[in-house]
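The values are calculated or read from the model by the stated rules, or taken from the named source; none is laboratory data. Because the structure is predicted, anything quoted here is derived from the model rather than measured. Every residue, glycine as well, gets a Cβ built from its backbone with ideal geometry; the counts of neighbours run over all protein chains shown.
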Amino acid sequence: MSHPNYEIPPELNSLLIDFTVSVLVHRPPDLIEYSANYFNRLLNDRRSSAPGNHSFQGNHCNEDDNDSNSSDIKPPARLSFTRRKSVFAEHYDPEEDEGETEQIFYPKSDAQRRCLSEAIKNILLFRSLEPSEMSELIDAMFERKVEANEVVIKQGDDGDYFYVIADGTFSITVANGDGTEKEVGKYTGSGSFGELALMYNMPRAATVHATTKGSLWAMSRQTFRRIVLKRAFMKRKEYESFIEKGDQADGMYFVQEGFVRIVKEKENGQEQELSRLDKGGYFGELALITKKPRAASAYAASPESWMF
C-alpha cells in the first residue's frame, strides 16, 4: 500500500512567520480568538478590492488588558524576508558548544531589575526559564541610549540584539515593494522586540527607529543563545536520561518533583518498566553501595521532573 505524498505549500512558511510576528507583537490574552480574527481579516482583505489598513500598535507592559480588543487588531502588512546568506551560514548547535562561558553581569538598581523582570516574564521564549536563569538573563542586559530618528534595527539586517524598551517612543516600519516604508506599529515607553530574529536565526522582519530620545536594555545574540537555547537543550537532555544501565555509579538521586521511570532492557532488546517513582522516592543507591555498574536505567516520566 503506497503512502500519500504530503507536500508543504511554499506559501505556508511565510504565512506562519507573519502570524508568529503578529502574535509576538500583540501578545493577545486569548490566542484562539486572536487567530480566528487574524485569518478572517486576512481572507476579507484578499477578497476586498480596496486596500486594507494593516497598521497595528504594540502591546505595552502598563496597558490594562481590559482596554485591548483583539477583534479590532488587523494583521500586519506582508513582510519581506530578504534572506542574507551570511545570516543563515551562521549555525549554532548547543550540543557542540561545550565551552564554559563566564557569566556576563551589568549592574542594575533594584527598580531596574523589577522593571526588566515585569517586561520579559510574559515573553513566550522566556516563560520556561527558571528564576535563576531569568536572573542571569537580566544580569546580561546592558543599557543603550538612543537619539530621536536613530535606527535601532533595520529590516533585512542580521538579528544581533534583543531589546526591551525602558523609555521613549519607537516606530515599526516595513518596506513596500516600491522602496517606500510604511508604519505598522509603535511602542510608547515599554515593550520589547528582536527575539524572533534571534530565535529563528533569520533577518529582521521590520525596521524599528526611535521617534524620541529614549533608552533600551539590550542583550547580544551570543548571550541570548547561551542562556535560552543552550539552557533549553541542556534541560531537555537532562530529562531524557538520568542513569543508563552499565554506567559507573557517581551518586544516588532523590525525586523532588514529577515522576521517574526505572527500566531494564530485556534479552529481546525491549525495555521493561520495573518501577515508577514520584516525589520523595530515590534510586541509584544499589550501585553506589556495591560499587558495580548501574543495573537499570532511569528516565524522567514528566517534563517537570526534578532530581538531585
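Residues that are at pLDDT below 85, farther than 21 Å from CYS115 by Cα, surrounded by 18 or more Cβ atoms within 10 Å (Cβ to Cβ) and assigned by TED's automatic domain parsing to the domain that holds PHE105 are absent from the stretch 166-184 altogether.
The set of residues from the stretch 134-154 being farther than 26 Å from VAL174 by Cβ and surrounded by 16 or more Cβ atoms within 10 Å (Cβ to Cβ) comprises MET134, GLU136, LEU137, ILE138, ASP139, ALA140, MET141, PHE142. The single condition among (1) within 30 Å of ALA301 (Cβ to Cβ); (2) in contact with a helix residue (DSSP H, G or I) (Cβ under 8 Å, 6 or more places away or on another chain); (3) modelled with pLDDT of 75 or more that ARG231 does not satisfy is (3). Taken as a whole, the structure leaves VAL263 outside the set of residues that are surrounded by 14 or more Cβ atoms within 10 Å (Cβ to Cβ), at pLDDT below 75 and of a type in the set (A, V, I, L, M).
Within the option set GLY179, GLY185, being assigned to a loop (DSSP other than H, G, I, E, B) and either in contact with a strand residue (DSSP E or B) (Cβ under 8 Å, 6 or more places away or on another chain) or free of Cβ contacts under 8 Å to residues at least 60 places away in the same chain (or both) holds for one residue only, GLY179. Taken over the stretch 116-167, the residue count meeting the criterion of being under 24 Å from GLN103 (Cβ atoms), among the charged types (D, E, K, R) and not in a strand (DSSP E or B) is 8.
Restricting attention to the stretch 19-33, the residues that are modelled with pLDDT of 70 or more and not polar (S, T, N, Q) total 9. Selection over the stretch 190-206 of residues that are assigned to a loop (DSSP other than H, G, I, E, B) and either under 15 Å from the mean Cα position of the chain (by Cα) or surrounded by fewer than 16 Cβ atoms within 10 Å (Cβ to Cβ) (or both) gives a count of 3. Of all residues in the stretch 140-169, those that are touching a residue at least 60 places away in the same chain (Cβ under 8 Å) and of a type outside the set (Asp, Glu) total 14.
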